[in-house]
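For reference, the structure is listed below as C-alpha cells.
The values are calculated or read from the model by the stated rules, or taken from the named source; none is laboratory data. Just so you know, these numbers come straight off a predicted model, no measurement behind them. We place every Cβ from the backbone using ideal geometry, glycine too, and count neighbours over all the protein chains shown.
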Amino acid sequence: MFSKGTKRKFSDGGEAISDESLLGARVASSYSLQRQSLLDMSLIKLQLCHMLVEPNLCRSVLIANTVRQIQEEMTHDGSWHMVTEAFCSAGQSPSERLVATEVLCRSREQDAEPKLFSVISYEGCREEEVVADETLCSVSVSNTVSNVCLAGRMGQCWEKSELSGVERDEEVLEDSRLGSGEDEEIATEDGASTESPKTIGQVFGTFEIKNGSPGPDSALEELFSDVDTSYYDLDTMLTGMQSAPKMGPYDLLDSLAPSHSSPSIVSTPNCRSDLNELDHIMEIIVGS
Amino acid sequence: ETPTTDSRKELPWISVTDIISTVEFNCSGELLATGDKGGRVVIFQREQESKNRLLSRGEYNVYSTFQSHEPEFDYLKSLEIEEKINKIRWLPQQNAAHFLLSANDKTIKLWKISERDKRAEGYNLKDEDGRLRDQFRITTLRVPVLMPMDLMVEASPRRIFANAHTYHINSISVNSDYETYLSADDLRINLWHLEITDRSFNIVDIKPANMEELTEVITAAECHPHQCNVFVYSSSKGTIRLCDTRAAALCDRHSKFFEEPEDPSSRSFFSEIISSISDVKFSHSGRYMMTRDYLSVKVWDLNMENRPVETYQVHEYLRSKLCSLYENDCIFDKFECCWNGSDSAIMTGSYNNFFRMFDRNTRRDITLEASRENSKPRAMLKPRKVCTGGKRKKDEISVDSLDFNKKILHTAWHPKENVIAVAATNNLYIFQDKIN
C-alpha cells in the first residue's frame with residue numbers, strides 16, 4: 001500500500017557508527033517510512049491539486065490537515081532527523097513524480113534563482129551518522145533531482161526560493177565537509193512548527209493581490225480591492241512564472257489553467273515549446 | 001422488502017450521456033430529476049398505473065430534458081466554472097407547473113417546467129403559420145379556439161441567483177415556508193428569497209480572517225422540514241451544527257453542536273478525513289437527522305448532541321485500505337444518503353456499484369448491486385456480500401476485486417412508496433418493490 005517498489009538499502013560497510021542508534025532507527029524506520037511516505041504523498045497531492053482548474057477546497061483542507069498532523073507528530077517525537085534515514089534507506093523515490101513537483105517549485109519572481117532541487121530539514125542530524133553511513137549519504141547534490149524529499153517545505157517553494165535544508169553527495173560527505181559549504185541553513189524545530197502554518201497558508205492563497213507583484217496600478221488595485229482573490233496566487237503558482245511558464249514534460253501538467261499573463265483570454269498553454277528545452281536541461285542535470 | 005427491477009421496462013436502467021451528479025424525487029414522487037456533469041437536467045415522470053396491469057407499478061419515462069447550466073469562465077481568477085449540476089431540489093407544487101432549483105458551483109437557477117397540450121387556433125391577425133394576415137382580407141371577427149395538441153413540456157428559467165458564492169456550492173435546501181431557501185458553499189451559507197435574485201442574506205460565515213488558519217469547511221446544509229427557522233450544516237471535521245435564524249442575523253453561533261467523541265483506539269492519520277461528513281439529511285418527521293461519513297451512516301436524535309443514536313457500517317472492510325484509498329483519492333468521495341418515506345429505512349451507496357439499505361427497526365441490512373449484468377427485468381436483486389478475509393465463499397466478492405471506479409454516490413427514495421433511484425456513473429437505475 002505504501003511502497004511502490006521502494007527498497008531499503010542497507011550497507012554494512014563496517015563504519016564506525018553507533019550500533020544502538022542505527023538499530024533504533026531501523027526499528028522506528030518502518031513506521032517513519034510509512035509516515036514519510038504519507039507525508040510525501042500528501043504534499044504531492046496538495047501541489048497537484050493546485051494544478052487543477054478548480055481546486056477542491058474541502059480536499060485541500062483535509063490533506064493540509066493531514067500534513068500538519070504528520071509534521072506535528074514528527075516534530076513532537078523529535079524525528080525530523082529520522083526523515084533522512086528513512087528516506088535514504090528507502091532508496092530512490094520515484095523520481096518522475098518528484099521532478100514534476102520540483103519544476104513547480106520555481107519561484108514566481110524573476111530574479112530568484114531557479115532551484116532544481118528540493119529541500120530537506122536536517123533537524124538534529126548528527127554529523128557522525130551522516131558522514132559514516134553510506135546509505136545515509138545518498139542525498140542528491142544541488143544539481144541532481146533524483147533524490148528529493150519534500151519534508152514539509154512546500155510552502156517555501158511557492159513563496160520564496162529559500163533553502164532550508166542541505167544537500168550533499170557522497171564525496172562531499174566523505175570529505176567531512178558537512179556543515180560547511182553553501183549558505184543553506186538547518187531549520188530548527190521551532191522553525192518547522194511555526195513555519196508550517198505559513199506553509200499551509202500558501203495552500204489556500206492570500207486574499208489581497210500581492211503588492212510585490214509587478215504591474216498592478218494602485219488604481220486598479222483599489223478597483224479590485226474587495227474582490228476575493230484567494231485563487232489568484234494559486235493560479236500564478238500553477239502557471240509558473242508570469243511571463244514564461246515552464247512546465248515539466250508530464251501529461252498532468254497539460255491540464256493547467258491558461259497562462260495567467262493573459263487572464264482575459266482563454267489561451268492555450270504555451271508550455272509545449274518549452275518542453276523540449278526543459279527536457280534537455282533535465283537530462284543534463286540528471287545525468288542520464 | 002426487496003426492491004425489484006421495474007416490471008414493465010425491458011431494461012431497469014436508463015443511460016444518460018454524462019455522469020449523473022444528482023438525483024431527486026419531487027414531493028409527490030411523480031417526477032424524478034437527474035442532473036449531470038454536462039449541466040443537463042433530465043426529468044422522468046411516472047406513468048399512470050394502468051388498469052389492465054394490476055400487478056405493475058407505473059414506470060418512469062423521460063418527461064423533459066433541458067440544459068440548465070453552461071460552462072463559464074471566471075476571468076478574474078482565470079478559472080473555469082464547471083457546468084456540472086451539484087444539486088437539484090424541487091419546490092412543493094402549488095399549481096399545474098413544477099418548479100425546481102438547480103445549482104452548479106456558483107449559480108442557482110429556478111426552473112419552471114410546464115405542460116402545454118393546447119394551442120390556440122383561429123387568430124384574427126395572423127394565420128396558422130404565424131404570418132400576419134393581409135389586413136384587407138380580415139372581414140370578420142372571430143374568437144380563437146383552443147385545440148388539443150401533442151403534449152409539449154417546456155422548461156424555462158424563471159430566476160437566476162448568481163454572484164453570491166465565492167466558493168463551490170455544495171448544498172441547496174428549500175425552506176418549509178416555501179418562500180426562502182438556503183445555499184451553502186465551503187465557507188458560507190446564504191439565505192435567499194425565491195422572488196429576489198439580486199441579494200441574499202449571509203447567515204453563516206466560517207471563513208477565517210487569515211486563510212492560513214483554515215482547517216474546517218462546510219460540507220452540507222439542510223433546512224428543517226417543519227421548523228422554518230432551523231437548519232443544520234455539517235463540516236469536514238465530522239461535526240454538525242444546528243442553527244436558529246431567530247437567534248441572530250449571523251448564525252455563527254450554533255444552537256446545538258453534534259459530535260461523536262473519537263475512539264482513541266482507532267485513531268490514525270486518516271481519522272479526520274474519514275470523519276468528514278459528506279451528507280446530512282433530516283428525517284421526514286423532523287426529529288432525527290442522518291449523516292454520512294466515509295465508512296458509516298449515523299442517525300442522530302436532535303435532542304442528543306453528544307453521540308448518534310444509531311450507527312451503521314457501510315463498508316467497514318475498507319478501513320484497512322485507507323492508505324490506498326487516500327492515494328487514489330477515493331477517500332474524498334462524497335456519498336449521499338437518504339431516508340425512506342416512513343423513516344424506517346435508510347440507504348446509501350458504496351463502491352463496485354453496490355448500495356446498502358438499513359432497516360432501522362429490524363436492524364437488518366442488505367447490499368445490492370446496480371449493474372446491467374446482474375439486473376434482469378422482473379427479477380429480484382440478489383443480495384451481495386463482500387468477503388473480508390479468509391476463504392471467499394461462492395458469490396462473495398473479495399475486497400481487492402472491488403471496482404473503486406464504480407461508485408454510487410447519489411441515491412434517492414420515493415417519498416411515499418418503495419421506489420428507489422440509484423445513479424451508477426452514467427446509468428440511472430430505478431428499482432421498485434414487488435407487490436405481494
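A few remarks follow.
- Residue that is nearest to B:S114 (Cα to Cα), among those in the range B:148-191 that are within 14 Å of chain A (Cβ to nearest Cβ) and in a strand (DSSP E or B): B:S171
- Tally, over the range B:351-391, of residues that are part of a loop (DSSP other than H, G, I, E, B) and not small (G, A, S): 19
- Among (1) within 17 Å of B:F269 (Cα to Cα); (2) at pLDDT 75 or above - the single one A:L57 does not satisfy: (1)
Okay, residues lined up against (1) in a strand (DSSP E or B); (2) surrounded by fewer than 22 Cβ atoms within 10 Å (Cβ to Cβ):
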| residue | (1), (2) |
| --- | --- |
| B:G286 | no, yes |
| B:T291 | yes, no |
| B:Y294 | no, no |
| B:V299 | yes, yes |
| B:N306 | no, yes |
| B:K321 | no, yes |
| B:F335 | no, no |
| B:G341 | no, yes |
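- Residue within the range B:301-312 that is out of contact with any Phe, Trp or Tyr (no Cβ under 8 Å at 6 or more places or on another chain), away from chain A (no Cβ under 14 Å) and of a type in the set (S, T, Y) present: yes
- Pair list, Cβ < 6 Å and 6+ apart or interchain, from the range B:234-252 residues that are among the basic types (K, R) to residues that are surrounded by 19 or more Cβ atoms within 10 Å (Cβ to Cβ): B:K237/B:E216; B:R241/B:Y233
- Enumeration of residues in the range B:385-435 that are under 18 Å from B:N353 (Cβ atoms) and of a type in the set (D, E): B:D395, B:E396, B:D400, B:D403
- For B:F282: the one exception among (1) away from chain A (no Cβ under 14 Å); (2) touching a residue at least 40 places away in the same chain (Cβ under 8 Å); (3) over 24 Å from B:S21 (Cα atoms): (3)
- Scanning the range B:301-327 for residues that are in contact with a strand residue (DSSP E or B) (Cβ under 9 Å, 6 or more places away or on another chain) and hydroxyl-bearing (S, T, Y) gives B:T311, B:Y312, B:Y317.
- The lone exception for B:K281 - which of (1) under 18 Å from the mean Cα position of the chain (by Cα); (2) farther than 30 Å from A:R35 by Cβ; (3) assigned to a loop (DSSP other than H, G, I, E, B) it fails: (3)
- Subset of the range B:192-235 that is surrounded by 15 or more Cβ atoms within 10 Å (Cβ to Cβ), of a type in the set (A, V, I, L, M) and in a strand (DSSP E or B) - its residue that is nearest to the other protein chains (Cβ to nearest Cβ): B:I218
- Counted residues, the range A:61-78 - those being crowded, with 22+ Cβ neighbours inside 10 Å and either assigned to a loop (DSSP other than H, G, I, E, B) or facing chain B (nearest Cβ under 9 Å) (or both): 5
- Residues of the range B:69-91 satisfying the condition of being without any contact (Cβ under 8 Å) to a residue 40 or more places away in the chain and away from chain A (no Cβ under 14 Å): B:E70
- Some residue of the range B:392-401 being of a type outside the set (V, I, T), within 24 Å of B:N426 (Cα to Cα) and assigned to a loop (DSSP other than H, G, I, E, B): no
- Selection within the range B:246-277 - away from chain A (no Cβ under 13 Å) and touching a Phe, Trp or Tyr at 6+ places or on another chain (Cβ under 7 Å): B:F258
- Checking B:I138, B:I169 one by one, the residue that is modelled with pLDDT of 95 or more and of a type in the set (A, V, I, L, M) is B:I169 and no other.
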